[in-house]
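Down below is the structure, laid out as structure tokens.
No lab work stands behind these numbers, since they all come straight from the coordinates. Not measured: the values here are computed from a predicted model. Please note: Cβ atoms are built from the backbone with ideal geometry, for glycine as well, and neighbour counts cover all protein chains shown.
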Amino acid sequence: SAVISQKPSRDICQRGTSLTIQCQVDSQVTMMFWYRQQPGQSLTLIATANQGSEATYESGFVIDKFPISRPNLTFSTLTVSNMSPEDSSIYLCSVVTSGRQEQYFGPGTRLTVT
Amino acid sequence: AQKITQTQPGMFVQEKEAVTLDCTYDTSDPSYGLFWYKQPSSGEMIFLIYQGSYDQQNATEGRYSLNFQKARKSANLVISASQLGDSAMYFCAMRELGTALIFGKGTTLSVSS
């Protein structure tokens, strides 16, 4: 399985600020995704991070609020912009590796907005 | 549109007993995968088991098995010989070809001694 790291692991931020979350994978992957898990809820897909092009966002998520970059096959960032307390969630990076069906998750970034 | 349903918000089982966590799904795509994940209180998402839509046999991984009934569109997780460490949230998920996983609402499993 792929080893996925995320930075930071947690953060407490003030409303109106932005936070960039990094996701690094130890091997080349075919697909990378970003999910959000609000307190007590299931996981919701934010977007598919496409290498070298704009991310594909799910309904309810927009690029201005959640800009995503994926400059190569092993790295991606998610920025949570102009944060409000409603953005307090766990943000998870997830990947599918070449030739495999399994989808693995990073350890998550626990964000609290005050 | 694809959809995953987990109808059991919480399940309780005693150590060493087997437990079945229910999952039904809906998709019009003939090619899809079904997954189960465990999320302990630490928050990490642990991959447990995968079943492809064309797989003839039910998937097994140690104490985990997936009871795949394609005609009924169900993919129940069976945990044999429950352990205290199995207490966690369990998510059923599905992915159609070339897309991302979508998740059910989850089932909280509590194992008592």
Checklist outcome for this item: Two pseudo-spin positions, 7 Å from Cα along C-beta at B:Leu97 and at B:Gln57, lie apart in nanometres by 2.4
Checklist entry - Which peptide among B:10-22, B:99-111 comes first, and what is the full order, when sorted by highest mean count of other Cβ atoms within 10 Å? => result B:99-111, B:10-22
Checklist entry - Given +1 on the Cβ of Lys and Arg, -1 on the Cβ of Asp and Glu, and no further charges, what dipole in debye does chain B carry about its Cα centre, rounded to the nearest 20? => result 160
Checklist entry - Taking square-rooted eigenvalues a ≥ b ≥ c of the alpha carbon gyration tensor, is segment B:1-86 rounded, prolate or oblate, where a/c under 1.5 means rounded and, failing that, a/b exceeding b/c means prolate? => result prolate
Checklist entry - R0 = 22 Å: FRET efficiency of B:Ser31 with A:Asp26, Cβ-based, nearest 0.05? => result 0.20
Item to check | A:Thr56 paired with A:Thr114, simple spin-label distance in nm, labels 7 Å along Cα-to-beta-carbon | outcome: 4.0
Item to check | Cys with no candidate disulfide partner in the protein assembly as shown (beta-carbon separation under 4.7 Å rule) | outcome: A:Cys13
Checklist outcome for this item: By the mean-Cβ-within-10 Å protection proxy, highest first, B:50-63, A:65-78 rank as A:65-78, B:50-63
Checklist entry - Using the Cβ atoms and a cut-off under 9 Å, what net charge is assigned to the surroundings of A:Thr44, where Lys and Arg are +1 and Asp and Glu are -1? => result 0
Item to check | Average partner coverage of A:37-44, which counts Cβ from other chains inside 10 Å | outcome: 4
Item to check | Charge tally in the Cβ shell below 15 Å around A:Ala55, where Lys, Arg are +1 and Asp, Glu are -1, A:Ala55 excluded | outcome: 0
Checklist outcome for this item: Flagged as over-length at 21 Å C-alpha distance, from B:Lys3/B:Lys38; B:Lys3/B:Lys70; B:Lys16/B:Lys38; A:Lys7/A:Lys65; A:Lys65/B:Lys105, the pairs are A:Lys65/B:Lys105
Next on the checklist: Treating only the Cβ of Lys, Arg, Asp and Glu as charged (+1, +1, -1, -1), what charge dipole size does the protein assembly as shown show about its Cα centre? Round to the nearest 20 debye.
Outcome noted: 100
Item to check | Point-to-point label distance, A:Arg100-B:Ser80, nm (Cα→Cβ direction, 7 Å offset) | outcome: 2.5
Item to check | Relative contact order for segment A:1-95, counting Cα pairs under 8 Å that sit 6 or more residues apart, in percent | outcome: 35
